[in-house]
Amino acid sequence: LCVPAVPVLFKQALENTDVEEGKSVSLRCELTKADATVVWKKGEATLQASAKYEMKQKGTVAELVIHNAEPEDA
């Protein structure tokens, strides 16, 4: 028996968030499948974990924390 893979969808999509320059901001989304692979991008560039970008994932919730936010992070 072959069972087709169920696509991963967003249960809760990202929302626009305002933050003061120099502060940290947390962006979260919720997926329909726990521990699905999440890739964070800014335009075409894939973000990598660093002192600036912190990626977290627990169950169906994926989170990107941007430290020391700057206008270029919009």
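The values are calculated or read from the model by the stated rules, or taken from the named source; none is laboratory data. Remember, it's a predicted structure, so these values are computed and weren't measured experimentally. We place every Cβ from the backbone using ideal geometry, glycine too, and count neighbours over all the protein chains shown. Note: areas computed on protein heavy atoms with side chains; ligands, DNA, RNA excluded. Shrake-Rupley method; radii C 1.70, N 1.55, O 1.52, S 1.80 Å.
Values for this structure:
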item	result
With at most 14 neighbouring Cβ atoms within 10 Å, loop GluC sites (Glu not before Pro) (DSSP) excluded, longest segment of the chain	45-74
Accessible area of the stretch 8-71 belonging to carbon and sulfur atoms, whole % at 1.4 Å probe	48
Residue-normalised accessible area of the stretch 8-71, given per residue in Å² at a 1.4 Å probe	74
Sites residue 18 and residue 58 - FRET efficiency at Förster radius 30 Å, r taken between beta-carbons, to 0.05	0.75
Over the chain: Rg over Rh, Cα atoms, Kirkwood Rh	1.05
Cleavage-rule hits, trypsin sites (Lys or Arg not before Pro), the stretch 6-74, DSSP coil, Cβ neighbours within 10 Å at most 15	23, 33, 52
